[in-house]
1. Out of R114, R147, R136, R156, report the one residue that is surrounded by fewer than 17 Cβ atoms within 10 Å (Cβ to Cβ) and farther than 25 Å from C198 by Cα.
2. Can you name every residue in segment 21-33 that is surrounded by 15 or more Cβ atoms within 10 Å (Cβ to Cβ) and in a loop (DSSP other than H, G, I, E, B)?
3. Do you know which residues across segment 81-102 are in a strand (DSSP E or B) and out of contact with any Phe, Trp or Tyr (no Cβ under 7 Å at 6 or more places or on another chain)?
4. Return the pair list, or none, for Cβ contacts closer than 8 Å from residues in segment 133-150 that are farther than 8 Å from S98 by Cα and free of Cβ contacts under 8 Å to residues at least 12 places away in the same chain to residues that are part of a loop (DSSP other than H, G, I, E, B) and open to solvent by less than 70 Å² (accessible area, probe 1.4 Å), at least 6 apart or on different chains.
5. Out of all the residues in segment 34-84, which are open to solvent by less than 20 Å² (accessible area, probe 1.4 Å), of a type outside the set (A, V, I, L, M), free of Cβ contacts under 8 Å to residues at least 40 places away in the same chain and over 22 Å from F142 (Cα atoms)?
6. I want to confirm something. Restricting to segment 117-133 and keeping residues that are within 16 Å of G66 (Cβ to Cβ) and loosely packed, with under 15 Cβ neighbours inside 10 Å, which single residue is modelled with the highest pLDDT?
Amino acid sequence: MGVLNAAFGPRGALLAVVQDRDVHLWRVADPRHPVRLAGFTAHPYSVRKVVFSRNGRTLATAGLDGTARLWDVSTPERPRPLAVMSGHVGGVQSVAISPDGRALATAGMDGTVRLWDVSAMARPVLRAVLSGHGDRVHAVTFGPGGRVLLTSGEDRTARLWITDPERVAAQVCALAHPRVTEREWARYFPGLEYRPPCR
């Protein structure tokens, strides 16, 4: 059975190797004498991507079952499941963890990218669904500072996304001229106190 994907841990001593539904963890501190530490079935269907968090304690996997999963690999001989993230229609092609380890992005065959808050790794929270691609999204990665997300898809485009909601709101407000007047507010939002989103 072929190897579908592989990833080094941050210090290069741990390696994750994907074979169909299974992930195998190897210690490769001495590349001439790799030692297999563990193997586990990560998804019910093929695993498409594996990636380590920057501290090396967490492994994220993306699978054709439509989920991304988080695994505690702080003791690589005994990996244990942390969380399952679902919502994509169809398989998840790729997964990325932000440099600070607080955000995770998933790329789906449904043409969407999902952005998750994983500050609490065992309790991920969906922050946003990004839907600019016109076909399957194959890859996703965070920029060095984690404030920009890069995606690429079957629609033959690569896209950059700002991951900070406050920065996005500021950009929207900068483009939204003129702002909503009190009269327009009363017409479209009768009975609500006048509080335009852009000031």
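1. R156
2. Within segment 21-33, the subset surrounded by 15 or more Cβ atoms within 10 Å (Cβ to Cβ) is 21-28.
Listed by number, the residues that qualify are R21, V28.
3. Taking segment 81-102 as the starting set, the residues that turn out to be in a strand (DSSP E or B) are 81-85, 92-97.
Listed by number, the residues that qualify are A83, V84, V92, Q93, S94, V95, I97.
4. Correct list of pairs: L150/G143.
5. H43, the sole residue that qualifies.
6. Taking segment 117-133 first, the residues within 16 Å of G66 (Cβ to Cβ) are 124, 126, 129.
Restricting the remaining residues to those that are loosely packed, with under 15 Cβ neighbours inside 10 Å gives 126, 129.
On the way: L126: 94, V129: 91.
Among those residues, the one meeting the criterion is L126.
Results for (1) farther than 18 Å from D20 by Cα; (2) part of a strand (DSSP E or B); (3) in contact with a Cys (Cβ under 6 Å, 6 or more places away or on another chain), shown as yes or no for each residue.
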{"position": "A62", "(1), (2), (3)": "no, yes, no"}
{"position": "D65", "(1), (2), (3)": "no, no, no"}
{"position": "P76", "(1), (2), (3)": "yes, no, no"}
{"position": "G111", "(1), (2), (3)": "yes, no, no"}
{"position": "M121", "(1), (2), (3)": "yes, no, no"}
{"position": "A139", "(1), (2), (3)": "yes, yes, no"}
{"position": "P144", "(1), (2), (3)": "yes, no, no"}
{"position": "D155", "(1), (2), (3)": "yes, no, no"}
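The rows are residues; the columns are (1) of a type in the set (G, A, S); (2) closer than 27 Å to G12 by Cβ.
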site: L70; (1), (2): no, yes
site: S74; (1), (2): yes, yes
site: S94; (1), (2): yes, yes
site: R102; (1), (2): no, yes
site: G108; (1), (2): yes, no
site: L126; (1), (2): no, no
site: G132; (1), (2): yes, no
site: V137; (1), (2): no, no
site: T141; (1), (2): no, yes
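The values are calculated or read from the model by the stated rules, or taken from the named source; none is laboratory data. What you are looking at is a predicted structure, and each value in this text was computed from that prediction instead of being measured. FYI the Cβ positions are ideal-geometry reconstructions off the backbone, even for glycines, and counts take in every protein chain you see. Ligands, DNA and RNA are stripped out before the accessible areas are found, and what is left, the full protein with its side chains, is counted by its heavy atoms. Shrake-Rupley method; radii C 1.70, N 1.55, O 1.52, S 1.80 Å.
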